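Worksheet for the structure shown next.
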Amino acid sequence: MAERLTIGEFSRITHLSIRALRRYHEQGLLVPAEVDPATGYRYYAPAQVRPALTIRRFRDLDLPLADLRRFLDAESAGGDAAGHDAAQQVVAAHLRRLEDRLGRTQRAVKALRELLDPEAERTVNLEVLPPQRVLAVSLDVPPGSDLSWYDAAMHDLDAAAGQHPVLPPGGRYEHELFTEGHGRATVYLPAEVPLSPKAPATVRELQLPRRTAAVAVHTGPHDDLDLTYGAVGSFAARNGLRSQDLVEEVYLVGPRDTGHPDRWRTLVAWLVAPDTGRPAA
């Protein structure tokens, strides 16, 4: 080689420890330009400085090794457009993951500050929710389920409602769904039109009764929805309101309306027995 750097010299140039360089070699991320077959000494080329620093930044950002290898393979494949696009896709996907993680961290910090502030308290009122005719899908959510059951229910409700104007969707959930991870759920969509014979078989008409509830409006993403649940549940307990073991959510503004989670507004209604407390009309 016309130019070569010992591993010590390369370490000083890149500020990567010799141990890290050896690990990168073992992982196949940064193979030395030359390895002396007799001594095993590693030698690097000046052109490897930039890739070494790039690898370090990616590892600092917790890019998985498999993704890092895909990036390096795409970069080393040549300067063609396909290789460049493949490398950029790896970077873009990881940046989205980092942004999501940062958002969750920021929201967790915000929630923690609220919990640690003795003066912070969410507004809760005792209200009466009026009777309402809805199209509904009821189901038993099995243990370990993700939210795909909700998406499937909304898909069927949208198909049943068609293009007719509707009020915000909602859901009625047994407390067991939160305490045990499974339970009965009813997803609904207010609609004035009769149920079409062509509607999905899962959809039925349902008349929601007049009901009394401790109510609060949750603003923003659902990461800290538990704080609003804590507020309405505590309000009911402090005021001696007998729980119906049922909670209702109304998605006043949600993902169907805007891609900005900070604008979401979710009404949380902790249903209580109508003969307790003094509800405001």
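The values are calculated or read from the model by the stated rules, or taken from the named source; none is laboratory data. The structure displayed is predicted, hence computed values, not measured ones. So basically every Cβ, Gly included, is an ideal-geometry build from the backbone, and we count neighbours across all protein chains shown.
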TODO: Looking for whichever is more than 16 Å from residue 124 (Cβ to Cβ) and surrounded by 14 or more Cβ atoms within 10 Å (Cβ to Cβ) here; the options are 229, 251. Which one fits?
DONE: 251
- [ ] Among residues belonging to the range 45-68 that are in contact (Cβ under 8 Å) with a residue 24 or more places away in the chain and small (Gly, Ala, Ser), point out the one that is surrounded by the fewest Cβ atoms within 10 Å (Cβ to Cβ).
- [x] 45
Open item on the list: Name the residue that is nearest to residue 54 (Cα to Cα), counting only residues in the range 1-25 that are touching a residue at least 12 places away in the same chain (Cβ under 8 Å) and among the polar types (S, T, N, Q).
Closed with: 14
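Here are some residues: 10, 71. Which one is in a helix (DSSP H, G or I), surrounded by 16 or more Cβ atoms within 10 Å (Cβ to Cβ) and at pLDDT 90 or above?
Working: 71 fails: at pLDDT 90 or above.
On inspection, the qualifying residue turns out to be 10.
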- [ ] Would you mind telling me which numbered condition in (1) outside any loop (DSSP other than H, G, I, E, B); (2) in contact (Cβ under 8 Å) with a residue 40 or more places away in the chain; (3) among the small types (Gly, Ala, Ser) residue 92 fails?
- [x] (2)
Task: Pairs where the first residue, in the range 173-198, is more than 14 Å from residue 137 (Cβ to Cβ) and the second is aromatic (Phe, Trp, Tyr) and crowded, with 17+ Cβ neighbours inside 10 Å, C-beta under 8 Å, 6+ apart - done: 178/229; 183/173
TODO: Residue by residue through the range 137-175, note down the ones that are within 21 Å of residue 269 (Cα to Cα) and charged (D, E, K, R).
DONE: 140, 172, 174
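Residues are listed down the side, and each one gets a yes or a no for (1) at negative phi; (2) among the aliphatic types (A, V, I, L, M); (3) modelled with pLDDT under 90:
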site: 18; (1), (2), (3): yes, yes, no
site: 34; (1), (2), (3): yes, no, no
site: 49; (1), (2), (3): yes, yes, no
site: 55; (1), (2), (3): yes, yes, no
site: 84; (1), (2), (3): yes, no, yes
Open item on the list: Looking only at residues that are among the small types (Gly, Ala, Ser) and part of a strand (DSSP E or B) in the range 198-242, which one is nearest to the chain's Cα centre (by Cα)?
Closed with: 216
TODO: Please specify each residue of the range 133-153 satisfying the condition of being buried (at least 17 other Cβ atoms within 10 Å of the Cβ) and touching a residue at least 60 places away in the same chain (Cβ under 8 Å).
DONE: 134, 135, 136, 137
Open item on the list: If I filter the range 26-44 for residues that are within 30 Å of residue 224 (Cβ to Cβ), among the hydroxyl-bearing types (Ser, Thr, Tyr), surrounded by fewer than 16 Cβ atoms within 10 Å (Cβ to Cβ) and free of Cβ contacts under 8 Å to residues at least 60 places away in the same chain, do I get at least one hit?
Closed with: no
